[in-house]
Structure formats: structure tokens, C-alpha cells
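Inspection log for the structure reproduced underneath, given as C-alpha cells.
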Amino acid sequence: MATTNLLLIGLLSILSLLILIIPLKLPPFIALISVATATALVSGVAPAQLAQAVEGGLGKTLGHVSVIIALGAMVGRMIEISGGATALSRLLVTRLGSHRVLLALALAAFAVGVPVFFEVGVIMLIPLAAGLAMERQWPLYRLGLPMCGVLLVVHALLPPHPGAVAVATAFGVEVGRVLAFGLPIAAMTCVLLLITGRRLFERSYRASAFASEPQAPVAGLVEERPAAGRVVLVIVCPIVLILLGVLAPSLPLPPAMRATLEVLGVPYVALLADVFLAMGLLGLARGMPLRDVSAQLAAAIPGIAMIILITGAGGAFASIMVQTGIGAALATAMQATGLPILLLAYLITLMIRAAQGPTTVALMTTAGIILPMIQTLGLNPNQTALVGLAMGAGGIGLSHVNDAGFWIVTRLLGLSVADGLRSWTLLTTLASLFALGCIACIWPFV
């Protein structure tokens, strides 16, 4: 098929996807599968091969991503129901001092945000932020805005969150490599966000009072919170194992130890080990019966089922864009602009994020467009990982009224829509630019 026709089909498919999701309010999973199917047929895929083309892309993505997302959700569930986030935050406030409460809450958000999805992390930490703000007679948004900003940065950039894992899978780069680059980039982005956003946090918005409602007790769970050290161990464990797995081949170790570290460094193995650790430290060791621990692990799955399906559908759409040659045609057209690959990856993700909302869908859509370009540029694995992180940076910015995260943050912080646009939307865009700047600084050295 002619390049012009492929470009037209590609642009129409993206436009159709945005129309289905935004004005028509179709669930992203249905929209992605529908557009992927229509795109395949219009591009000349034979009906007999349609199922293999669509389901193959979906299955390839889910085969790697679903287990990581599910295990990460289980760890997050144990931290959530044990009160571990509150215990960690209060320890940080005590250690750093009450005058550094913003820094303490940001550190807690960064740590909790690694294993916990953005929305869950916000809901877990808002009551603590409300209590700390009340003690100091501050408006809640003064603590809540930076805390939520840190959670979003971690969600968009770092595995085991679905967007980062799905992009790493699509690009064929190790999750551990993305994590190794992503951790310092996310940390620096959060530091810059706290420094430059201070005036934004102290502005006066028309915020209503926030009253946190007491949570219903979880069956079988003891009331006292776990020691903060246990929570830190559960959060750090998979990160350390994955990073050791990446470094193991280059370390002077006995073959048996090197092989062991490589196995433990496989992302799903690291998270599986962390699930057992969380079961023990945050459940069984605190008097929670095994049947109740198992019930809580199972309860983590329904909440992420749609996220897993959307991620898989995004993989199907990306696969169709590649198989039909549409991605290659779009990549060729974008290369003609002369923009660097980092900036292209960032801008495309940012535009799709602004147009349709969810970060994960924006990342998966962009992956299908960018992948052919990566394949033709001959990037090394480190550069490929940074391109994926640049897409993650684009997935942070311009959170507004079509993003569920916007409504969660503004509702819980008591901000009006107008003030949410002036504060949260601006904050996420600043964080997005900071992350891109950090990635650009590293790029010449890889």
C-alpha cells in the first residue's frame, strides 16, 4: 500500500481512537480493540489472519505485563490494608522534623508510589496529609499537590507500573534497565518539582475543607500499624533484586551465585518473592490468619483487571501499527521533521495524553508509532530505555478534565475545576518538562 494511504489510515485510526474515548466515552479497552481491528482490515489484513494479528499483539503484551501488574498490585494491597504507608510517613516526619513535613511526605509518596498504583497511593496518603495539614493550619492542597505530583512521576516512569513495563516490552529492553535509569531520573524530577513548585503550593485556591472518613476495618487484621522498617524492606526488596539481576553478569561472583541473582532479578520473580515477604512481614507476623492474607491478595486483582486489559489492548493496537507498515510510514514522516527521537517520543505521548487522558493508553499508542523509528535508528539498549522514559515523561504532563487522576486529586483536595487547572495541570506539566530535561542530560553519555 502507498505510503500516503498508510499515513492517512494511521492518522484516522488515532483520531478515531481519541473520538471514541473522549466525546463518546467508550471504555479504552473497547476503543483500542475496535480501532485495532478496523485498522487491520482497512490496511489489507486478510479476515483469516485478523484474529492472529490482533490477539497476537494482545497476548504478547499480556504474557509479560499481566503477571508483573498483578503481583505489584498484591504487594500494594498488603501495604494499603496494613497501614504501612501511614507508618512510614509518620516515621519520616519524626526523623526529619515537623518543619520538613513537605519533604517527609514527598519521600513517603516516592517510596509508596513504587509498588502502588497512582490512584491507590493518593487515597492511601490523603488522610495522612490532611492530618498533618490540620496540625499546622495549612490548606490541604499545600501538602496534597506535591505529594500527588510525586506519585504521578513514579507511576509514569518506573516499573512495575503498567505503562513503563508495557513500553519496555514493546521496545524489547529489559525492565531492570528502565528501572536503573528511571530511579535517578524520577528522584531528580521530584526534587526539582518540590523546589520550583513551592510558590505554586503556597498560592491561595478556593479549597473546601477536607474531612477524611474512617476506613472500615479489614477482617482479621490487627489494629496496630507495622514497623516502618518492615514497609521499607517490602518496598526496597524488588528494586534491589531487579537491579542486582541486571548487574550480576558483570560482577566477579561464583557462577552459582551469579545465576541465582539473575533468576531473582527477573522482574516477576522479584515481585513474587516480594509478595511472600509482604505476606509474612505485613500479615502473618502481625497476627493476621493465612486465609485472611490470601483473601486480601485475591482482592487486589479485580481493581486492576481493567488496567491489564487496557494494557493488552494497547499492545494489540501497537502491533497492528507495526505489522501493517503504518508505524513505519508515520516514523518516516516524523523523521522528516528533523526533531530528535527523544523530543518526538515526548511530544507525541504528551499530545495523546492531553487528548485522551490515561497515561498507560498514551504510552501504548505512542509505542506503536515510535517502534519502527527505533528499529531503523539502531539505538543501543540504554538509548532505547531513555526513549521509553521520555515517553513516560510525556505521560506525566497536561493532566486535565479528561483524566481520571485530575478528578481524584481535585476532589480529594477540595479544589474547583478552575483551580485544579491552574494548580494540578500546571504542576504535572512542570514535572513532565523536568523529567524530559533530566533524560536529555543523560542522553549524551549513553
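All of the numbers you see were taken from the coordinates with simple rules; none came from a lab. As the structure is a computational prediction, the values presented were derived from the model and not from experiment. Every residue, glycine as well, gets a Cβ built from its backbone with ideal geometry; the counts of neighbours run over all protein chains shown.
The slack between L15 and C441, meaning 0.36 nm per residue of separation minus the straight C-alpha distance, is 150.0 nm.
With K and R counted +1 and D and E -1, the other residues having a Cβ less than 15 Å from that of L151 yield a net charge of -3.
Across all directions, the shadow cast by the convex hull of the chain built on its C-alpha atoms averages 22.5 square nanometres.
A Förster radius of 51 Å, combined with the Cβ-Cβ distance separating L377 from W407, puts the computed FRET efficiency at roughly 0.85.
Taking packing as the residue-averaged number of other Cβ atoms within 10 angstrom, the listed peptides 5-13, 367-375, 150-158 run from highest to lowest as 150-158, 367-375, 5-13. Diffusion coefficient (Stokes-Einstein, Kirkwood radius over C-alpha pairs, 25 °C, 0.890 mPa s) for the range 304-365: 195 µm²/s, rounded to a whole number. If I model a spin label as a point 7 Å beyond the Cα along the Cα-Cβ vector, how far apart are those points for S416 and R136 in nm? Once both label points are built, they end up 2.6 nm from each other. The protection proxy used here, the mean number of other Cβ atoms lying within 10 Å of each residue, ranks peptides 50-61, 162-173 as follows, highest first: 162-173, 50-61. Compactness of the range 287-391 was expressed as the Cα radius of gyration divided by 2.2 N^0.38 Å, which yields 1.39. The fraction of all Cα pairs in the range 98-158 landing in successive 10 Å bins from 0 to the largest distance is 26, 56, 17, 1, given as whole percents. Full extension of the chain between A273 and V240 gives 10.7 nm of extra length, using 0.36 nm per residue less the Cα-Cα distance.
Based on the Stokes-Einstein relation at 37 °C and a viscosity of 0.692 mPa s, and on the Kirkwood radius from alpha carbon pairs, the range 218-320 is assigned a translational diffusion coefficient of 203 µm²/s. Candidates A300, V231, L253 compared by Cα position along the dipole of the chain: farthest toward the positive end lies V231, with charges placed on Cβ.
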